[in-house]
Amino acid sequence: MIGAGTTMWDLHSQGDLGAHLSLDKRFRQELDDRLTLGVEAFYEALLPHRYRAPTGATNPLLNNLAPYLGTTYVLDPGDFLGGSLQADVVPWRGPARGTWLTGGDAGRAGALPPLLALSARYTFTWLFQSRWHSNSEWWDYKQEDRWRPGYKNVVTLSATVSLLRLGVPVQVYAAWRSLTWLPGRNTRAADVLTLGVRLPMRFW
């Protein structure tokens, strides 16, 4: 996975470099390939980044830190270490029709994603200590005290409706990501609802 434009530190979701190892078990014979269980271990490295200290040009009384910090400061957010357990269920495959997407071949349409797929995922993430470096040791300490070592428990439930088997290149998905159902430590507990539409395209 590649994320462009940000390290995702502000959202606390992924690092600059990540190593993931995952294993899946599909029950093709026993459950007609309607259940997949997965386990994953990961390490996300967040590299030190240099930022410009606010000068108060817009809000002189609220955000003028450059006289104390210097022109820039360095943030090493600390790395992530953890693992996940996931279950994917196919309650409804839907009909497989030979359409223009499969050249009229219904057999090929049967290999496309099911009409309805559900997923449940639990992720444990250990958070390493952050390090801040500026001209103000007091400010560095205050920032590090806000982002101390801890952990977070993330529960994610998602559903995807795929119309590919019907000849429509559209997938609609919804996901609920909660950090409040299983509280963590020294992390921002946020619940996030995601809604989206995928339009698969072929470029070759």
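The values are calculated or read from the model by the stated rules, or taken from the named source; none is laboratory data. The shown structure was predicted, so the numbers you read here are calculated from the model rather than taken from an experiment. Ideal geometry is used to build each Cβ from the backbone, glycine not excepted, and the neighbour counts take in all protein chains shown.
Points to keep in mind about this one:
- Listed conditions (1) exposed (fewer than 13 other Cβ atoms within 10 Å of the Cβ); (2) under 30 Å from Thr99 (Cβ atoms); (3) touching a strand residue (DSSP E or B) at 6+ places or on another chain (Cβ under 6 Å) are all met by Thr180, apart from (2).
- Strands (runs of 3 or more DSSP E) enclosed by the range 88-204 - at least 2 residues per element that are of a type in the set (D, E, K, R): 191-198
- Residue ID - nearest to Ser119 (Cα to Cα), chosen from residues in the range 172-204 that are basic (Lys, Arg) and without any contact (Cβ under 8 Å) to a residue 40 or more places away in the chain: Arg177
- Among the residues of the range 50-76, the ones that are out of contact with any helix residue (DSSP H, G or I) (no Cβ under 8 Å at 6 or more places or on another chain), in a loop (DSSP other than H, G, I, E, B) and at pLDDT 90 or above come to 2 in all.
- Test: Ala4 is assigned to a loop (DSSP other than H, G, I, E, B) and either at pLDDT 95 or above or more than 22 Å from Asp191 (Cα to Cα) (or both): yes
Per-residue answers, yes or no, for (1) more than 21 Å from Ala41 (Cα to Cα); (2) of a type in the set (Val, Ile, Thr); (3) out of contact with any Gly (no Cβ under 9 Å at 6 or more places or on another chain):
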site: Phe124; (1), (2), (3): no, no, no
site: Trp132; (1), (2), (3): yes, no, yes
site: Lys142; (1), (2), (3): yes, no, yes
site: Arg165; (1), (2), (3): yes, no, no
site: Arg177; (1), (2), (3): no, no, yes
site: Ala190; (1), (2), (3): yes, no, yes
site: Thr194; (1), (2), (3): yes, yes, yes
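- Screening Thr99, Thr72, Thr55 for residues that are within 30 Å of Gly150 (Cα to Cα), more than 25 Å from the chain's Cα centre (by Cα) and surrounded by 11 or more Cβ atoms within 10 Å (Cβ to Cβ) leaves exactly one candidate, Thr72.
- Answer residue from the range 23-74, given it is of a type in the set (Gly, Ala, Ser) and in contact (Cβ under 8 Å) with a residue 60 or more places away in the chain and is farthest from Leu118 (Cα to Cα) among those: Gly70
- Residue tally, condition among the charged types (D, E, K, R) and closer than 20 Å to Ala109 by Cβ, over the range 156-178: 1
- Checking each residue in the range 63-92 for being in contact with a Leu (Cβ under 6 Å, 6 or more places away or on another chain) and more than 21 Å from Thr123 (Cα to Cα) picks out Pro91, Trp92.
- Any hit, the range 127-141, residues being under 27 Å from the mean Cα position of the chain (by Cα), closer than 30 Å to Leu31 by Cβ and surrounded by 15 or more Cβ atoms within 10 Å (Cβ to Cβ): no
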